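The values are calculated or read from the model by the stated rules, or taken from the named source; none is laboratory data. Quick caveat: nothing in here was measured; it's all calculated off a predicted structure. Glycine gets a Cβ as well: all are built from the backbone with ideal geometry, and neighbour counts include every protein chain shown.
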Amino acid sequence: MSQKILAHVEASSLKSNVAPFAIGDTVDVHTRILEGEKERVQIFNGVVIARSGSGSREMFTVRRIVAGEGVERKFPLHSPKIAKIEVKRSGVSRRAKLYYLRDRVGKAVRLREKREEVAETNATKKSAKKPAVAKA
């Protein structure tokens, strides 16, 4: 009973237009920053290494390298402070958490890129094949 009530209350604070992204994707997170009276948007770009929680408490962690030093930042997914999330590159990942990237340096940090075009071209090749005709 109480779970249903919590879900109903949380539903009002959820964003409806959240960009679909996965672990291993390189994203730009546009964050609203207040400086005195002015509001500006600051962009934090990096690789998504973790997602956790559910509902209005869902968080994701983005990691990037700044001046040779690794910087990680956790963002609440449904926060009003996040203007938008842009997926720049989709990476292939076989893990739910990419914490092993913390120990890597240089080119070893890069992930393979997910290739959407390959799946489409393979599908067209299969449909283009002609059926074998039996000779009588």
Practice prompt. For Ser52, indicate whether it is of a type in the set (Ser, Thr, Tyr), surrounded by 15 or more Cβ atoms within 10 Å (Cβ to Cβ) and within 29 Å of Ala11 (Cα to Cα).
Written response: no
Response to the item:
Over the stretch 28-42, the set of residues part of a strand (DSSP E or B) and among the acidic types (Asp, Glu) is Asp28, Glu35, Glu39
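Would you mind stating whether Phe44 is closer than 27 Å to Val109 by Cα, in contact (Cβ under 8 Å) with a residue 24 or more places away in the chain, under 12 Å from the mean Cα position of the chain (by Cα) and surrounded by 14 or more Cβ atoms within 10 Å (Cβ to Cβ)?
Details: closer than 27 Å to Val109 by Cα: yes; in contact (Cβ under 8 Å) with a residue 24 or more places away in the chain: yes; under 12 Å from the mean Cα position of the chain (by Cα): no; surrounded by 14 or more Cβ atoms within 10 Å (Cβ to Cβ): yes.
Criteria not met by Phe44.
Scan the stretch 1-28 residue by residue and report those that are within 10 Å of the chain's Cα centre (by Cα) and among the hydrophobic types (A, V, I, L, M, F, W, C). Can you show your working first?
First, pick out the residues of the stretch 1-28 that are within 10 Å of the chain's Cα centre (by Cα): 19-28.
Selection gives Ala19, Phe21, Ala22, Ile23, Val27.
Go through Arg95, Arg57 for me and flag whichever is farther than 16 Å from Ala22 by Cα and at pLDDT below 90. Spell out the reasoning first.
Numbers: Arg95 fails: farther than 16 Å from Ala22 by Cα.
That would be Arg57, the only listed residue that is farther than 16 Å from Ala22 by Cα and at pLDDT below 90.
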Worksheet item: Which members of the stretch 20-56 meet the condition of being touching a Leu at 6+ places or on another chain (Cβ under 9 Å) and over 19 Å from Gly91 (Cβ atoms)?
Response: Arg40, Gly53, Gly55, Ser56
Discussion item. For the list (1) on the phi < 0 side of the Ramachandran plot; (2) out of contact with any Phe, Trp or Tyr (no Cβ under 9 Å at 6 or more places or on another chain); (3) surrounded by 14 or more Cβ atoms within 10 Å (Cβ to Cβ), I need the number of the one condition that Arg64 fails.
Written reply: (2)
Worksheet item: Here is a list of conditions, (1) part of a strand (DSSP E or B); (2) of a type in the set (S, T, N, Q); (3) more than 30 Å from Lys107 (Cβ to Cβ), and Gln3 meets all of them except one; can you say which number that is?
Response: (1)
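Just to be sure before I move on: is Val92 touching a strand residue (DSSP E or B) at 6+ places or on another chain (Cβ under 6 Å) and under 18 Å from Leu111 (Cβ atoms) in the structure I sent?
Answer is no for this residue.
Quick one: is Val62 at pLDDT 85 or above and of a type outside the set (Gly, Ala, Ser)?
Values: at pLDDT 85 or above: yes; of a type outside the set (Gly, Ala, Ser): yes.
Answer is yes for this residue.
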